[in-house]
Every structure is written in structure tokens, then in C-alpha cells.
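All of the numbers you see were taken from the coordinates with simple rules; none came from a lab. Not measured: the values here are computed from a predicted model. Don't worry about glycine lacking a Cβ; one is built from the backbone with ideal geometry, like all the others, and counts go over all protein chains shown.
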Amino acid sequence: MDFAYDARTEELRERLLAFMDEHVLPAEEVAGEQRASLDSPWQTPPVVEELKATARQLGLWNLFFVDEHSFVDEHSFVDEHSFVDEHSASGEKHGAGLTNLQYAPLAEITGRSPQLAPTALNCAAPDTGNMELLAQFGSAEQRERWLEPLLAGEIRSAFAMTEPEVASSDATNIATRIRRDGEGGYVISGRKWYISGAMNPDCKVFIVMGKTDPDGEDVRRQQSMVLVPRDTPGVEVRRAMSVYGYEDHYHGGHAEVLFHDVRVPAANLIGEEGGGFAIAQARLGPGRIHHCMRLIGMAERAIELMCRRAVERSAFGKPLARQGVVHEWIADARVQVEQLRLLVLKTAWLMDTVGNRGAHTEIQAIKIATPRAVVRIIDDAVQLHGAGGVSQDFPLAELWAAARTLRLADGPDEVHQRSLARRELKRYL
């Protein structure tokens, strides 16, 4: 692979870096102040909508929506850069048409402000994964009703998979039931939690994974996915779930959601019955690389804050920047970030050239290595800041909580280690 970014990536990087410095980073404090005055902490601060409008004007919108996820039917076409709906009055482009390798360094930049930047660019989880899922597996009707407004940033969505009663690290454990009813529809019953985005009032639809055939011989063909509009009778968003004490307002929170015999039409099934497990795996692959690139951006911001703090503060008669342990922290952080970035870029390149299945080993490797290393880098930055590092006056504590959570999200470390080790051992057995 070529280590240099191509011309289009470089141009978008320059544009995005300027947008971050001129608009996003200054808006962090403003967003916090505005949120404190809103009727509900889950409402979107006005400055976020301003950022979204600016991002669209600058052509920094839906950067994640790569060509392979664009859809083609009688109502749309795909050119080399984006998909355009022929029936849209404005003919507006919805996607940037970037490859994974082109998008990866852009996702890294947004990681410098993970609370605001991904949302401003309409590149925030879980919406990105849901949009990719609908583009790949949704029917024409489902794409028109849900994908179009998601791409336009008009609504938000949630992915309801994790459950409190079972070990969700093994998705075959899912207990939520999706039963056929006598009227040709489905009835959903179950309890989910840590459903990201569900507290946001703009979240209009859940993609729910449950079992349609719990006694099926193939445990990976027991699950299906259905679309459940938020206002469907029987949907109860019970409470917000905190993450290390943070409620993650910017991503719409993480909720416990109950489905009390919720009825939806058969047309709300995504793909086919029994296809839920495979769809979930297809959805999670790109999401893992997005998370890892944003983590590298978080590490870069931690290094920047660490260096600034080191030259501004003194202890025991000399600046922190002249303390040996601080040298070790900064040097180790730089080495780890450079290593991780190369591995993630290699993974993105493989995803583009041989597909997600061909990049399976590398996807698992980055998911294991990146959160672990970034947690350590941010932790060192917290240590260097002393009491300020755990306070609300710096972003480090919240960055640490987000990075630590990603050792669980999209599969815990141990699941990826198990799969990766079995793949390695297979050659010797």
C-alpha cells in the first residue's frame, strides 16, 4: 500500500482540520452552556445544528458513506463521488463516496472532539452503522422511509442488540423474541439496555435484533432484525444508562428499552428471517475501524494536552517537561499512536481491496490493540494534569471513559482474542 494520502483525502483533511479549529473546538464550551439551559438534557444544543449546517456547506457531510454501501435501484444512481436521488428536488448529494482508506484519516480528526465532531458531520454512531445496514440490506421502502432522512440528518436512530439478562458478548444468546402473529406481522417482546442514541428525542426508529427461531438447529440462523418506529405502542424507553458516571448526552445517551408485545408489519423485517446474525457482523466491521480511527484522534488530543501541560507547569524546581517520567509518557504515546495508525490504515486498505472478510484478522487486531493503548495514553495525560485531569475543566476524564468503553463495545477484547487465536492456531492443527 502507498503510505501517502491521495489528493482528495489531503484536500478533505485540510478542510476538516480548519473546520475543527475554527468551529468545533470553540463550540465545546458553548454546547455545554446551552445544554444546561435546555428543557431536557437530551435535546440537541442549538450550536450543534449550526455546526451541521456549516459542515454541509463545506462538503463535510456523510463522509463515512462509502461507494460499496451506496444503493442502486430505479429511484437512484451512484456516480464516483456520491449517491443522488433523482426525485430529490435539489438533487443533493448524500454521500462523499470515499473508500475506507480515504475516510480513515478523516475519522481520526473527528476523534479530537468525539462529542461534537462526528455528529456535526453526520458521521456519528450508531447512525452510521444503521445507515450502512439499511443501504446494504434494507428494502426500497425501508430506505425511502428511514435511510433518506438519516442521510439528511433529519432524524436519529438506535441499534437494539445488547441485553442485561444474557452475556451479549455471544450474540447467539439474545433472548428477545420476534414472533409471527396471525395477521402477517411480528410481535417483539424483550428487554434491551445500553441502546445508544435512544434518549435523544430525534431518535425515531430502532433496529431490533431478536430470535424468530429460538429452537433452530443453526444457532446463527435463529436471529432476525426488524425496524420498530419509536412511537409504536409497547415501546418503553425506561431510563438512561450512565457510562462511568457520564450520560453521553451528545450521542443521545444510552437507554434501557423494553418491548412489551410490540407489533410491527412484516414489511419491517430487514433482509430475511434468520439473517440477523450475518447482518450484525456486516454492520459491525466498518464500525470497528471507525471507532479505532476516532480513538487515535482522541490519543492525539491527549498528547497535545499532555505536552502543553508539561511546558506550562513546574514541580520540584523544574518544568514538568524536564521530568524523566514525563519524557517516557510522551515518547511511548507517540510510538504507540504511529504503530496503531499504520495498522488501522492497513486494515482500511484491506477492507477496500479484499473485503471485510479478507480483513477479518486485521479488524480484530485493531479492535484489541487500539482501545487498550489509547486508554493508557489518556490515563498518562490525566496523571500529568493531576486533579485537573479528573475534573470537568479538561476533556480527559470523559475521553478516558469513552475509550475504556470501547474495550466492550462491538465485542469485548476477549472475544476478538479468542477468534484471532483460533485463526492462528488453525494453521497448525
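Just to verify a number: FRET efficiency for Asp21 and Arg239, C-beta to C-beta distance, R0 = 25 Å, to 0.05?
0.10
Please compute the modelled spin-label separation between Glu414 and Ala4, points set 7 Å along Cα→Cβ, answer in nm with one decimal.
Between Ala4 and Glu414, the simple spin-label model gives 4.7 nm.
Once you put a point 7 Å from the Cα of Asp231 and another 7 Å from the Cα of Glu183, both along the Cβ direction, what distance in nm separates them?
Result: 1.8 nm between the two label points.
Could you work out how far apart the two model spin labels at Glu14 and Arg313 are, taking each label as a point 7 Å from the Cα in the direction of the beta carbon, and quote it in nm?
So the two model labels end up 3.7 nm from each other.
Of the peptides 120-132, 396-408, how do they stack up when ordered by the mean number of other Cβ atoms within 10 Å, highest first?
120-132, 396-408
Against the longest alpha carbon principal axis of the chain, how many degrees, from 0 to 90 and to the nearest 10, is the axis of helix 360-385 turned?
That helix lies at roughly 40 degrees to the long axis.
Could you pull out every one of the lysines with an alpha carbon less than 22 Å from that of Lys204, ignoring same-chain neighbours closer than 8 positions?
Lys52, Lys192
Mind listing the Cα extents of the chain along all three principal axes, in Å, largest one first?
Each principal axis gives a Cα extent; for the chain these are 79, 59, 46 Å.
Output needed for the range 87-194: three equivalent-ellipsoid semi-axes, defined as square roots of 5 times the C-alpha gyration tensor eigenvalues, in descending order, whole Å.
In descending order the semi-axes read 30, 22, 12 Å.
Can you give the angle from 0 to 90° between the axis of helix 276-312 and the longest principal axis of the chain, with both taken from C-alpha atoms, to the nearest 10?
It is inclined by approximately 20 degrees.
Once you compute Rg and the Kirkwood Rh from C-alpha atoms, what is the Rg to Rh ratio for the range 277-426?
1.06
Give me the aspartates and glutamates in straight-line cross-link reach of Lys211: C-alpha distance below 17 Å, same-chain residues under 8 apart excluded.
By straight Cα distance, Lys211 reaches Glu163, Glu165, Asp170, Asp181, Asp261, Glu272, Glu273.
Once the Cβ-Cβ distance between Asp332 and Val166 is put in as r, and R0 is 56 Å, what FRET efficiency do you end up with, to the nearest 0.05?
Plugging the Cβ-Cβ distance into 1/(1 + (r/R0)^6) gives 0.90.
Take peptides 219-232, 31-44 and line them up by average Cβ neighbours within 10 Å, highest first, as a rough protection proxy. Spell out each step's value before the answer.
Details: 219-232: 19.6, 31-44: 13.9.
The peptides rank, most packed first, as 219-232, 31-44.
Give the whole-number value, in cubic angstrom per residue, of the convex hull volume spanned by the C-alpha atoms of the range 192-313.
Per residue, the Cα convex hull of the range 192-313 comes to 144 Å³.
Provide the gained length on full extension for the span Ala140 to Asn173, in nm with one decimal, where the gain is 0.36 nm per separating residue minus the Cα-Cα distance.
Full extension of this stretch gives 8.8 nm more.
Length gain on complete extension for the stretch Gln383 to Gln281, per 0.36 nm per residue less the alpha carbon to alpha carbon distance?
33.0 nm
Can you put Val374, Val344, Val30 in order of Cβ neighbours within 10 angstrom, beginning with the fewest?
Ranked by crowding around the Cβ, least crowded first: Val30, Val344, Val374.
Would you mind calculating the gained length between Thr54 and Val30 on full extension (0.36 nm times residue separation, minus the Cα-Cα distance), in nm to one decimal?
The span from Thr54 to Val30 would gain 7.0 nm if fully extended.
So what's the angle, to the nearest 10 degrees on a 0 to 90 scale, between helix 7-19 and the longest Cα principal axis of the chain?
70 degrees
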